[in-house]
1. Which loop-located chymotrypsin sites (Phe, Trp or Tyr not before Pro) does the stretch 108-174 contain, where loop means any DSSP state but H, G, I, E or B and the Cβ has at most 16 other Cβ atoms within 10 Å?
2. Mind running the shape call on the stretch 103-154? Use the C-alpha gyration tensor, a ≥ b ≥ c as the square roots of the eigenvalues: rounded below 1.5 for a/c, prolate if a/b tops b/c, oblate otherwise.
3. With θ taken as phi - 60° and the coefficients 6.51, -1.76 and 1.60, list the Karplus ³J(HN,Hα) couplings across the stretch 104-114 in order, rounded to whole Hz; mark glycine and proline as x.
4. Which trypsin sites (Lys or Arg not before Pro) does the stretch 46-136 hold that lie in a coil by DSSP with at most 12 other beta carbons within 10 Å?
Amino acid sequence: MSSLFTLIETGEGCGRIISKFCEGPGGNIWIGSDDGGLSFYNPRTGDYRHVVIDERNPALNIHALTVDGYWLWVGTYGNGLYRVDLRNRQVRHFNRHGTGLDNLDVYSVYRDSRGQLWIGTKMGICRYDDATETVSCAVSLGHNSDVVDICEDTQGHLWFASLGKGLIRYGFDEDEFTHFSYDSRYGLLICELPCRRGRCAVDRNATAPGSAATILRRIRSPGNSMHCRTAIALCSRLSGMAANCG
């Protein structure tokens, strides 16, 4: 290994197929694996050990890890969602029994700037209610959607990345989800919105020099059905672009 990298050997009983990791309070690192569940690493002391949060399933298949204050959210394949209190290691398990979580394959967890906790599953996108400690479905995307990542841009839009359903944006002001997909006919990243005069799309090859935005161009839709398709620029940060199609 070079001087820039240090190889850290896994502790006894810890998984070796590392899927997720995140930093917790005090600089400690929480590590999720496909084959050995949850582990804990203290970079100051070198302590690397297995942490059991479910006695019936000590080797959980972990696909999501998020530190949320003193809570650690652990999303798993097949066993739902766990919330670990890092102060006392008390665990709350969210499954189908009375929690509202209707799919046990959890791939992402994210707390937005408004305080809402979002959960991405194999079937869609869920919200967590802190007051009732229950989960509700925000939008169903169908089987094998696999919502693997969630982030928020500087304009307050939420973005959901999926393996099966493309890119989804949520706007708080409109309380709407917008689905973006690739159109092979035009080589464009587009989404469908109502419009009276054809549709708009983004030309990925017509980026203005020095600009993070990408140029919009209008495309006429055949027949009587007209749609406006508003594109987004995925640059150094994600931001939505609104097209005036009046």
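A short reminder: the numbers here are calculations on the coordinates, not readings from a lab. Here the structure is a predicted model, which means the values were calculated and not measured. Cβ placement follows ideal geometry from the backbone for every residue including glycine, while neighbour counts extend to all protein chains displayed.
1. Values: sites: Tyr110, Trp118, Tyr128, Trp159, Phe160, Tyr170, Phe172; in loops: Phe172.
Taking the stretch 108-174 and a limit of 16 other Cβ atoms within 10 Å, the loop chymotrypsin sites (Phe, Trp or Tyr not before Pro) found are Phe172.
2. On the way: a/c = 2.19, a/b = 1.26, b/c = 1.74.
Oblate, since a/c reaches 1.5 and b/c is not below a/b.
3. Per residue, the Karplus-derived 3J(HN,Hα) values read 8, 9, 10, 10, 7, 9, 8, 9, 7, 5, 8 Hz.
4. Numbers: sites: Arg49, Arg56, Arg83, Arg87, Arg89, Arg92, Arg96, Arg111, Arg114, Lys122, Arg127; in loops: Arg56, Arg87, Arg89, Arg96, Arg114, Lys122.
Of the trypsin sites (Lys or Arg not before Pro), the ones in loops of the stretch 46-136 whose Cβ has at most 12 other Cβ atoms within 10 Å are Arg56, Arg87, Arg89, Arg96, Arg114.
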